[in-house]
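Before I ask anything, here is the structure I am working with.
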Amino acid sequence: MRRLPLLLTTLALCGGLAAFGALDRTWPGSPRPSADTARPPGSRSAPDGSLTRAITADQQRLRQLPDDATTWARLGAEYVEQARLTADPSYYPKADEALRRSLTLAPQANADALTGLGALANARHLFDQAADFAAQAIAASPAHWPVYAVLADARTQLGDDTGATEAVQQLLDRRPGTASFTRAAYDLEQHGRTDDARAALRQALDGAYDPADQAFCQYQIAELDRNSGHAQEALTGYRQALRTDPDHTPALAGQARAEAALGRHDDAVRDYTAAIARVPLPQYLLELGELQESLGHPEQARDQYRLLTAEQQLAAANGVVDDLTLGQYQADHGDPAEAVRLLRAEWARRQNVLVADALSWALHRTGADTEALGLARQAQAHGWRNALFLYHLGEIEHTLGHTDDARTHLTEALTTDPAFNPLQAPLARTALTALG
């Protein structure tokens, strides 16, 4: 299925609040991430109370010691993480205030506050700002390893392919562990090296001790299976992650994704609904909406799309800039011309493969296929075997009369993942049949 950037994915936990980042887990089968996936290693999907207790303790400490810059920085990071766990972006302004208070109190060499501001910027999809904050933190403290996670995530989303790989390597050099190996896996997968990505995730899992870290790694391995068309293996992996950490909501949504691919639609609707009740991410809302639409339930689909719009409006009110998510939604379920407008604005901010694919598809939906073709090919530049990207490219080529290329890419899309999207995979099969 298509995946939107995980809007609130921001902190990478590795044995506690440690590595900050907003790696959108917008991967193949659906672009996976912030979030527009993200992939915060070891992060929990629903609060277990420990983070709330930590926030309370730091608030009490600051009432006694209001000039404690270190505690202000830690509190800001905790607010960003709480936003991700609860899908409540109203924590972002609180995080911004706390982190800037820390920086005001300790303006020199305050790598913690700068790293936190970078994580917050990533969470709000202000990736250029995140990279700037990361650069400042590195200048202040080159050995401060969490900042390289922020930098890797920002560069990935900005489309700085070489820079992202370099930042991941710097993170690996300084802190080999869950945060670094999972980012290395994402980088490898984006370059079509799925087996190497799996090996990196296995290495991350071998070194993970916290159940949340372990579940995160198990979930990501299952994602590789799901997006390679191995839905049954993926379902087993998602279930394993949920046994390891029952609070891991991405694994619950992944379970729904695999069930939908296997034709177990009632189970998929149930599990999507449960995941949304925990964390109403736009990604989950869109996936459930498209599943309902494919099942001939238009009113239930519209309910999910309305909730998605409301969540996006709430995020925007709290400083999140996410024209990619809205553009992807508008292209298929709203106004394609509006999708082009939104996605051109996003492309002006960051030129990565996710935006290239989304803009190409929106252009195709408005009939601008010649321009769309160049962007669709750009989305393939790194070798990422993404079934949705391949379908989009094949459909654009089909419209332009490039029959052989269209046949090749539509076949590759369905070979990579025959159930990549409940609405578009059947269209891919129809188009391929028409091509002979």
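Given the structure, is Arg365 surrounded by fewer than 24 Cβ atoms within 10 Å (Cβ to Cβ), over 24 Å from Leu252 (Cβ atoms) and not assigned by TED's automatic domain parsing to the domain that holds Pro250?
Here the answer is yes, as Arg365 does meet what is asked.
What number of residues in segment 165-181 are of a type in the set (Gly, Ala, Ser), at pLDDT below 95 and part of a helix (DSSP H, G or I)? Full working, then the answer.
Going through segment 165-181, the residues of a type in the set (Gly, Ala, Ser) turn out to be 167, 177, 179-180.
From what's left, at pLDDT below 95: 177, 179-180.
Right, trim to part of a helix (DSSP H, G or I) and you get 179-180.
The qualifying residues number 2.
Ala212 is checked against (1) under 20 Å from the mean Cα position of the chain (by Cα); (2) under 27 Å from Leu414 (Cα atoms); (3) among the aliphatic types (A, V, I, L, M) and fails just one. What number does that condition carry?
Failing condition for Ala212: (2).
Over 22 Å from Leu388 (Cα atoms), assigned by TED's automatic domain parsing to the domain that holds Thr162 and not acidic (Asp, Glu): is that true of Arg202 in this structure? Can you show your working first?
Details: over 22 Å from Leu388 (Cα atoms): yes; assigned by TED's automatic domain parsing to the domain that holds Thr162: yes; not acidic (Asp, Glu): yes.
So Arg202 fits the description; yes.
Return the total of residues in segment 87-99 being out of contact with any Pro (no Cβ under 7 Å at 6 or more places or on another chain), buried (at least 18 other Cβ atoms within 10 Å of the Cβ) and over 18 Å from Ala137 (Cβ atoms).
So the answer is 4.
Right, Gly394: under 26 Å from Ala258 (Cα atoms) and part of a loop (DSSP other than H, G, I, E, B) or not?
Against the criterion (under 26 Å from Ala258 (Cα atoms) and part of a loop (DSSP other than H, G, I, E, B)), Gly394 does not qualify.
Just to be sure I understand the filter: pairs with C-beta atoms under 9 Å, separated by 6 or more residues or on different chains, first member in segment 121-139 and buried (at least 24 other Cβ atoms within 10 Å of the Cβ), second member of a type in the set (Phe, Trp, Tyr) and part of a helix (DSSP H, G or I). Which pairs pass?
Ala121/Phe127; Ala121/Phe133; Ala123/Tyr92; Arg124/Tyr92; Ala134/Tyr148
The values are calculated or read from the model by the stated rules, or taken from the named source; none is laboratory data. Computed from a predicted model, the values in this text were never measured in an experiment. Neighbour counts are summed over all protein chains in view; Cβ atoms, including those assigned to glycine, are modelled from backbone coordinates with ideal geometry.
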